[in-house]
Amino acid sequence: MINDIFKERRKYPRIELKLSAKYKVLDYEQVFQFTKTENISAEGASFESKELLKPGVYVQLEVDIEDAYPPISMVAEIRWVGDMNSGKDNKYINGIKIISMPVKDEARFLKYYCDKIVEKLSAYLKK
């Protein structure tokens, strides 16, 4: 029973990766807020926010994968939220599950993710 609590439920590994991004909560008249990702996976990511977002909220997230094309756009659901209190500023870390993205962005995103996995494995094998 106790082992089930700590069991990893992700299907794909997360890669620590600070990428420029911006997000906005869907269904609100909100402008995009600039942020950074903390990590990415094939199905999700995490990013910082100054506002407290609640699990179940849907956001539009645009992530710059630092290629020659516009940022990758996705709709995602907030799955979990953690407090990153860093001194005087409240900051939160938000774990998301990707719900949808345009086909052209999905192909770029998955290629980028796979390339980063290969880089990580290559570095591991060189040790």
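What to note about this one:
- Contact map, the range 72-83: residues that are basic (K, R) paired with residues that are assigned to a strand (DSSP E or B) and buried (at least 17 other Cβ atoms within 10 Å of the Cβ), Cβ distance under 8 Å, separation 6+ or inter-chain. Pairs shown: R79/G44; R79/G95; R79/I96.
- Search result, residues across the range 23-43 that are of a type in the set (S, T, N, Q) and either over 17 Å from K116 (Cα atoms) or without any contact (Cβ under 8 Å) to a residue 40 or more places away in the chain (or both): Q30, Q33, T35, T37, N39
- Among the residues of the range 14-34, just one is polar (S, T, N, Q) and not in a strand (DSSP E or B), namely Q30.
- Residues that are at pLDDT below 95, surrounded by 14 or more Cβ atoms within 10 Å (Cβ to Cβ) and at positive phi number at least 3 in none of the strands (runs of 3 or more DSSP E) confined to the range 42-127.
- Within the range 99-122, residues that are more than 14 Å from D64 (Cα to Cα) have Cβ atoms under 6 Å from residues that are modelled with pLDDT under 95 in these pairs: K116/I15, counting only partners at least 6 apart in sequence or on another chain.
- Close pairs (6 angstrom Cβ cut-off, 6 or more residues apart or separate chains): closer than 14 Å to L19 by Cα in the range 55-71, outside any loop (DSSP other than H, G, I, E, B) and polar (S, T, N, Q) anywhere: E62/S73; D64/S20
- The lone exception for N3 - which of (1) modelled with pLDDT of 90 or more; (2) out of contact with any helix residue (DSSP H, G or I) (no Cβ under 6 Å at 6 or more places or on another chain) it fails: (1)
The values are calculated or read from the model by the stated rules, or taken from the named source; none is laboratory data. Since the model is a prediction, treat every value here as computed from it, not as a measurement. We place every Cβ from the backbone using ideal geometry, glycine too, and count neighbours over all the protein chains shown.
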